[in-house]
1. Among the listed residues PHE199, PHE157, PHE242, PHE262, identify the single one that is within 22 Å of the chain's Cα centre (by Cα), closer than 26 Å to VAL67 by Cα and not in a loop (DSSP other than H, G, I, E, B).
2. Any residue in the stretch 97-108 that is aliphatic (A, V, I, L, M), assigned by TED's automatic domain parsing to the domain that holds GLY46 and assigned to a strand (DSSP E or B)?
3. Taking GLY220 as the residue in question, decide whether it is assigned by TED's automatic domain parsing to the domain that holds ARG8 and outside any helix (DSSP H, G or I).
4. For the stretch 1-36, which residues satisfy the criterion of being surrounded by 13 or more Cβ atoms within 10 Å (Cβ to Cβ) and either assigned to a loop (DSSP other than H, G, I, E, B) or in contact with a strand residue (DSSP E or B) (Cβ under 8 Å, 6 or more places away or on another chain) (or both)?
5. Just checking, how many residues over the stretch 67-91 are under 34 Å from the mean Cα position of the chain (by Cα) and part of a helix (DSSP H, G or I)?
6. Could you tell me which of the residues ASN280, ASN290 is part of a helix (DSSP H, G or I) and either surrounded by 22 or more Cβ atoms within 10 Å (Cβ to Cβ) or touching a strand residue (DSSP E or B) at 6+ places or on another chain (Cβ under 6 Å) (or both)?
7. Counting just the residues of the stretch 88-108 that are among the acidic types (Asp, Glu) and surrounded by 13 or more Cβ atoms within 10 Å (Cβ to Cβ), which one comes out nearest to GLN40 (Cα to Cα)?
Amino acid sequence: MNIIGHRRLWYAISLLLIVPGIVSLWFWGLRLGIDFSSGQLLTVRGEATQAVVDEAAIGFGFTDIVVVPASGDQTQIRYRDPSEQKDHEANHQRFRSALEQRGLVELSFDSVGPTVSTSIAQNAILSLVLASVAIVLYIAYAFRNTPPPISSWSFGFMAVAALLHDSLLLLGIFSLLGHFWAVEIDALFVTAVLTVIGFSVHDTIVVFDRIRENLRRRKGSFEQIVNDSILETLARSLNTSFTVMLTLLALLLFGGHSIRMFVLALLIGIAAGTYSSIFNASPLLVTWYNYQQRRMARQSAVRRKHA
C-alpha cells in the first residue's frame, strides 16, 4: 500500500473536510456559550415555549432571551441580565417564581459575568498557543538525534500542522452545528480541543519514532522509509483509536445531556487525529523534504551558472 505516493489525494480530502468549516467560521463564527459571552443559563423541566418565557420575563429587563429544547422534557433558557451584579440573584429568584407559576421547574442555574467570560476566552486562546509551542520544542528536542536527511525541527512543525488540521476541522464542524442547530461551545469544549491535540500528537509521535528507527537501520529512499514506517504502525494506530471511539460512542448515546457535546467534540477530534497522523503528518515530512531537495538543486544550478 503506497500511502505516501497518494499524498496529494489525502491532502485534497483534508481540504474538502476543512474548507466548509473555515467558510462557516469566517461568516458565522462559533456560537459562544455563557462561559465566553457572559449571561445567565437556566435549565427547566416542562413545556417551555418562547412566548411563555417572554411573558414570565416581563418587567425584569432581560435581553437576548433564547429558549432551546434540551433532552427529554428539559429546556434551556438563556438570557442576559443588564442590572447590577448584586441584583442578579434577586432577579433570578423572582424569575424562577414566575416560571413555576407557569408549570416550569428549575433544574439548574449558571451565571457568568463579562469579566469572567473575557478571562476564560483569553486563557483558552493562550493555552492553545502555549500547547502548540511546547509541542514543537518538545518534539524537536526528543528527535534531536534523528539521522539525515530530515531535521528534528521538521518533525515538530509537521506534528503541529497535523494538530492544526484536527483543530480547524473540529472548530469548523462546531461552527456549522452552531449556525444550523444552535450548538454552543463552553469551557468543556476547550478541554476537548486540548485533549484532541494531546491524542493527535501522541499518535503522530508513534509514527515519527518508527521513521527515526528505520532511518538508522534501513537503506532506501526517504519516501519509501516513511511509507514503510506508516504501514508498520497502521494497525496499532487504528486499533487504539477504534477502542477509544467505541467508549466515546457509548457515552454519546447513553451519557447525560450535559456532556453530550463534549463527547461529540472528542469523537470528531480523535477521528480527525487518527486520519491526520497517518495521512497528513508523515506525508508532509516527505513533501517538505522534496521541497528542500528541489530548492538545493536550484541553488546549486545557479552557483554553477555563475561559476
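1. Being within 22 Å of the chain's Cα centre (by Cα), closer than 26 Å to VAL67 by Cα and not in a loop (DSSP other than H, G, I, E, B) holds for just one of PHE199, PHE157, PHE242, PHE262, which is PHE262.
2. yes
3. On the way: assigned by TED's automatic domain parsing to the domain that holds ARG8: yes; outside any helix (DSSP H, G or I): yes.
Here the answer is yes, as GLY220 does meet what is asked.
4. Those that are surrounded by 13 or more Cβ atoms within 10 Å (Cβ to Cβ) and either assigned to a loop (DSSP other than H, G, I, E, B) or in contact with a strand residue (DSSP E or B) (Cβ under 8 Å, 6 or more places away or on another chain) (or both): ILE3, TRP28, LEU30, ARG31, LEU32, GLY33, ILE34, ASP35, PHE36.
5. Applying the first criterion (under 34 Å from the mean Cα position of the chain (by Cα)) to the stretch 67-91 yields 67-82, 85, 88.
Still in the list and also part of a helix (DSSP H, G or I): 85, 88.
Matching residues across the stretch 67-91 total 2.
6. Numbers: ASN290 fails: either surrounded by 22 or more Cβ atoms within 10 Å (Cβ to Cβ) or touching a strand residue (DSSP E or B) at 6+ places or on another chain (Cβ under 6 Å) (or both).
Going through ASN280, ASN290 in turn, just one is part of a helix (DSSP H, G or I) and either surrounded by 22 or more Cβ atoms within 10 Å (Cβ to Cβ) or touching a strand residue (DSSP E or B) at 6+ places or on another chain (Cβ under 6 Å) (or both): ASN280.
7. If we filter the stretch 88-108 for residues that are among the acidic types (Asp, Glu), which is where we start, we get 89, 100, 106.
Narrowing further to those that are surrounded by 13 or more Cβ atoms within 10 Å (Cβ to Cβ): 100, 106.
Numbers: GLU100: 18, GLU106: 13 Å.
In this case the residue turns out to be GLU106.
The values are calculated or read from the model by the stated rules, or taken from the named source; none is laboratory data. It should be emphasised that the depicted structure is a prediction, and the values quoted were computed from it without experimental measurement. For neighbour counting, all protein chains shown are included, and Cβ atoms are generated from backbone atoms with ideal geometry for every residue, glycine included.
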